[in-house]
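The values are calculated or read from the model by the stated rules, or taken from the named source; none is laboratory data. A quick note: this is a predicted structure, and the numbers were derived from the prediction, not measured. Note that each Cβ is placed from the backbone with ideal geometry, even for glycine, and that neighbours are counted across all protein chains shown.
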Amino acid sequence: MSKESTLLNQNIKFDKVRCIGNNGEQLGIISSKEAQNIADDAGLDLVLIAADAKPPVCKIMDYKKFCYQRDKKIKEARKKQKQIEIKEIKLSTQIAQNDINYKVKHAKEFLQSGKHVKFKVFLKGREMTDPKQGFNVLYKVMEMLQEEANTEDKPILEGRYVNITLTPKVNKKDV
């Protein structure tokens, strides 16, 4: 219910409406003017809840307070969301084994801290015609990290890169 699409007070122009009081009690089917008078006497707003119902349903409430509480709930839910951080590690097809070991060591640190790791192998020039070497490098890395990480997919070729994303393994203690 956004403020622009919600009908309030005098904008409700139905002959008869089913009215619900501020505490949830049913006031019955009454004219919209009578419902507006009840809302005005209570110092509250008349809000159209269901326009498609027969007759339309209106509720008497403090609309600003309702919007404030709804927005507050949305902000709280957003705070509790877990942001996934992805670290990228770039490799080449001509990488030496000690360099792979060094990059894998960093990837293990990232995975242990709960981050996802994306390995990218850049293909230069003629390497694009046969990307097998890039896949082989990633399979080597996957084999080295199989105890610390889960693979989401198989390595895929995207443009000039062969990519794989690794996620940390979930310990049964953490769940």
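Listed by first and then second residue, the pairs with beta-carbon distance under 9 Å, at least 6 apart or on different chains, first residue in the stretch 148-159 and more than 20 Å from Lys105 (Cα to Cα), second of a type outside the set (A, V, I, L, M) and part of a loop (DSSP other than H, G, I, E, B), are Leu157/Pro131.
Taking Phe110, is it closer than 24 Å to Ile84 by Cα, surrounded by 18 or more Cβ atoms within 10 Å (Cβ to Cβ) and without any contact (Cβ under 8 Å) to a residue 40 or more places away in the chain? Here the answer is yes, as Phe110 does meet what is asked. Restricting Lys64, Lys118, Lys90 to residues that are free of Cβ contacts under 8 Å to residues at least 60 places away in the same chain and under 30 Å from Ile12 (Cβ atoms) narrows the list to Lys64. The listed residues are Ala39, Ala35, and the only one of them that is touching an Asp or Glu at 6+ places or on another chain (Cβ under 9 Å), within 22 Å of Lys65 (Cβ to Cβ), surrounded by 13 or more Cβ atoms within 10 Å (Cβ to Cβ) and in contact (Cβ under 8 Å) with a residue 24 or more places away in the chain turns out to be Ala39.
Taking the conditions (1) farther than 30 Å from Lys132 by Cβ; (2) touching a strand residue (DSSP E or B) at 6+ places or on another chain (Cβ under 7 Å); (3) surrounded by 12 or more Cβ atoms within 10 Å (Cβ to Cβ); (4) of a type in the set (A, V, I, L, M, F, W, C) in turn, Ile84 satisfies each one other than (3).
Evaluation of Leu44 against the conditions (1) of a type outside the set (S, T, N, Q); (2) at pLDDT below 85; (3) within 24 Å of Asp71 (Cβ to Cβ) shows that the sole unmet condition is (2).
Out of Lys132, Lys105, Lys118, one residue alone is assigned by TED's automatic domain parsing to the domain that holds Asn163, over 30 Å from the mean Cα position of the chain (by Cα) and modelled with pLDDT of 90 or more. It is Lys105. Looking only at residues of the stretch 91-107 that are of a type in the set (A, V, I, L, M, F, W, C) and part of a helix (DSSP H, G or I), we find that the one that is surrounded by the fewest Cβ atoms within 10 Å (Cβ to Cβ) is Ile100. Just one of the listed residues (Asp15, Asp62) is modelled with pLDDT under 90 and either closer than 30 Å to Glu148 by Cβ or surrounded by 13 or more Cβ atoms within 10 Å (Cβ to Cβ) (or both), namely Asp62.
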